[in-house]
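Colleague: Quick one: the structure is below, questions incoming.
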Ligand SMILES: [Zn+2]
């Protein structure tokens, strides 16, 4: 007897449809799995055997052959437990086989017969729908995730017994709750973002607040440097508060990445707000760029459409920091390992924070910096000139004087900044509709003239500033992109000389050989 169940093998963000074929015939009792299964898939036969018995079914005492097709696709993870178990029950006549092959089944089995959540469910549903499958059985904890596309009959299940019931009655999961596809709740800020505080929690630091507003509006890469206690980390963590919600398209991609990486919280649906990722400097290259045995996306991809924050940036090590250049340039990372490759989106806003010198005292009142010039240079070089050159905005921070700490918060002006950011992002989305980028910081060099045109008097002013500050051609483009964002924050079509002057202020610090000490105001 043969039974076929559909399932899914996650590969990169997409994955492939897998058909689980179970054949049972007389012979020495045993179970074989073919179709290059990895270790977790091979272990699945033990879990399946015990789970079937503990669910009140009979495990057939015959020869069982399980084929995962197509054979050339690498299958990983434990999501094949449930389709294999259902296939065995179907092939041994304990369940009706009708509709099995037209149903996609995902889930890991517990020994007691319960179902555990799996990774990549959103990708699986997307792949299934494209292949014409409309019925899905997914672990209950993955149900909201599976339903974010708003299509298909999707049923959340807790146990093998419950999954089997969907096939024993003739109607394959047509219960009313399957079709109640609630739209996701609005764009309200999540609790996690609220807890980090708002722009109003920054006392003093007018220059910093303005820089955060511009960086949020144009998604410009940002460097915050200053002595310990100057508020670098806190300010970086406030950025998500300034962001408006993701578009639906962006939200789907972000959710897909988090799902494939297995970091979506249980029961989560669509991620609607730009993610904020802040890996520790002890994280591995695989953890940050992506990779490992399962070619999982790394932090650069988990930060797609959001922020990648590297606190104490020089501690991350030069090779890792240099590895960020590729995703910064392309917006993608390609990971290859043992014959398979995966490509993940990685268009993030990089925020670096570090002390101005190894001891941290440079620029600090009542403290003495004992670092030699050469040590300071070496410290900055650990971040690397090439990476620093790609950071549009650099903000020097000094600790806030005590009397400023006691000033009242300005909630109203913070809310206004948030509204300006939302409006500026709307302007950019409209302007760049149909283009492969949607924010000013991503305008490619070839399109700068088109989107950041300057009147002749502004052009000559910029040329003069470039000479005075000895800025590179990349910095030249940075200034224009920042000026574009400043103009967008005022909803102005033309970049004026005032916008340019402010943009230059935000770019001038922090190039490798161009220290705060030398340009200190
Ligand atoms: Zn020092």
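Colleague: Computed on alpha carbon atoms, what radius of gyration and Dmax characterise the stretch 28-80, expressed in Å?
Modeller: 11.8, 35
Colleague: Can you grab the distance from the C-alpha centre of the stretch 309-374 to the C-alpha centre of the stretch 414-467, Å, no decimals?
Modeller: After rounding, the separation between the Cα centres reads 25 Å.
Colleague: I need to check one value: relative contact order of the chain, counting alpha carbon pairs closer than 8 Å and at least 6 residues apart, in percent.
Modeller: Numbers: 1034 pairs, mean separation 68.3, N = 521.
Once normalised by length, the contact order is 13 percent.
Colleague: When DSSP beta bridges are limited to those with both residues in the chain, what percentage is antiparallel, rounded to the nearest 5?
Modeller: Values: 27 of 57 bridges.
Percentage antiparallel, nearest 5: 45.
Colleague: Determine the distance separating the Cα centre of the stretch 45-94 from the Cα centre of the stretch 147-164; give it in Å without decimals.
Modeller: So the two Cα centres are separated by 19 Å.
Colleague: Continuing with the same structure: Give me the angle, in degrees from 0 to 90, between the Cα long axis of helix 81-91 and the longest principal axis of the Cα atoms of the chain, rounded to the nearest 10.
Modeller: The helix 81-91 is inclined about 20 degrees to the chain.
Colleague: 7 Å from Cα along Cα→Cβ at both residue 281 and residue 207: what's the point-to-point distance in nm?
Modeller: Distance between label points: 2.4 nm.
Colleague: In percent, what relative contact order does the stretch 358-468 have, based on Cα pairs under 8 Å that are 6 or more apart in sequence?
Modeller: Details: 27 pairs, mean separation 14.5, N = 111.
Dividing the mean separation by the residue count of the stretch 358-468 yields 13 percent.
Colleague: Over the C-alpha atoms of the stretch 303-373, what are the Rg and the largest Cα-to-Cα span, Dmax, in Å?
Modeller: 17.0, 58
Colleague: Return the FRET efficiency for the residue pair residue 2, residue 248: r is the Cβ-Cβ distance, R0 is 41 Å, and the value is rounded to the nearest 0.05. Before the final figure, lay out the partial values.
Modeller: Values: r = 41 Å, r/R0 = 1.01.
In this case the efficiency is close to 0.50.
Colleague: Shifting gears a bit: Packing-wise, with mean Cβ within 10 Å as the measure, how do 347-353, 82-88, 228-234 rank, highest first? Before the final figure, lay out the partial values.
Modeller: Values: 347-353: 25.7, 82-88: 29.7, 228-234: 17.4.
Going from most to least packed, we get 82-88, 347-353, 228-234.
Colleague: Quick one: what Rg and Dmax do you get for the stretch 92-141 from the alpha carbons, in Å?
Modeller: Taking only Cα atoms of the stretch 92-141, I get Rg and Dmax of 12.2, 34 Å.
Colleague: Mind listing P(r) for the stretch 377-489? All alpha-carbon pairs, 10 Å bins, whole percents.
Modeller: Using 10 Å bins, I get a P(r) of 11, 31, 31, 24, 4 for the stretch 377-489.
Colleague: Please report, to two decimal places, log10 I(q)/I(0) for the stretch 312-466 at q = 0.09, 0.10, 0.11 Å⁻¹ as given by the Debye formula with identical point scatterers on the Cα atoms and no solvent.
Modeller: -0.51, -0.63, -0.76
Colleague: On a 0 to 90° scale, report how tilted helix 121-130 is relative to the longest principal axis of the chain, with both axes built from alpha carbons and the result rounded to the nearest 10.
Modeller: So the helix axis and the longest Cα principal axis differ by about 70 degrees.
Colleague: What translational diffusion coefficient, to the nearest whole µm²/s, does the stretch 35-131 have by Stokes-Einstein, given a Kirkwood radius computed over alpha-carbon pairs, a temperature of 25 °C and 0.890 mPa s viscosity? Write down the numbers at each step before the final one.
Modeller: Values: Rh = 14.0 Å.
My calculation gives 175 µm²/s for D.
Colleague: Per residue and in Å³, how big is the convex hull formed by the alpha-carbon atoms of the chain?
Modeller: Values: hull volume 84.7 nm³, N = 521.
Residue-normalised Cα hull volume stands at 163 Å³.
Colleague: How many nm is it between the label spots at residue 429 and residue 502, if each spot is 7 Å from the Cα in line with the beta carbon?
Modeller: Output for this residue pair reads 2.3 nm.
Colleague: Now for a different question. Measure nothing fancy, just the Cα-based angle from helix 232-242's long axis to the longest principal axis of the chain, in degrees from 0 to 90, nearest 10.
Modeller: It works out to around 70 degrees.
Colleague: Tell me the relative contact order for the stretch 254-318 as a rounded percent, counting alpha carbon contacts under 8 Å between residues six or more apart.
Modeller: Details: 80 pairs, mean separation 24.3, N = 65.
Reported as a whole number, the value is 37 percent.
Here, each number is a calculation from the coordinates, and none is a lab measurement. Since this is a predicted model, take the numbers as computed values, not measurements. Here Cβ is always computed from backbone atoms with ideal geometry, including for glycine, and neighbour counts include all displayed protein chains.
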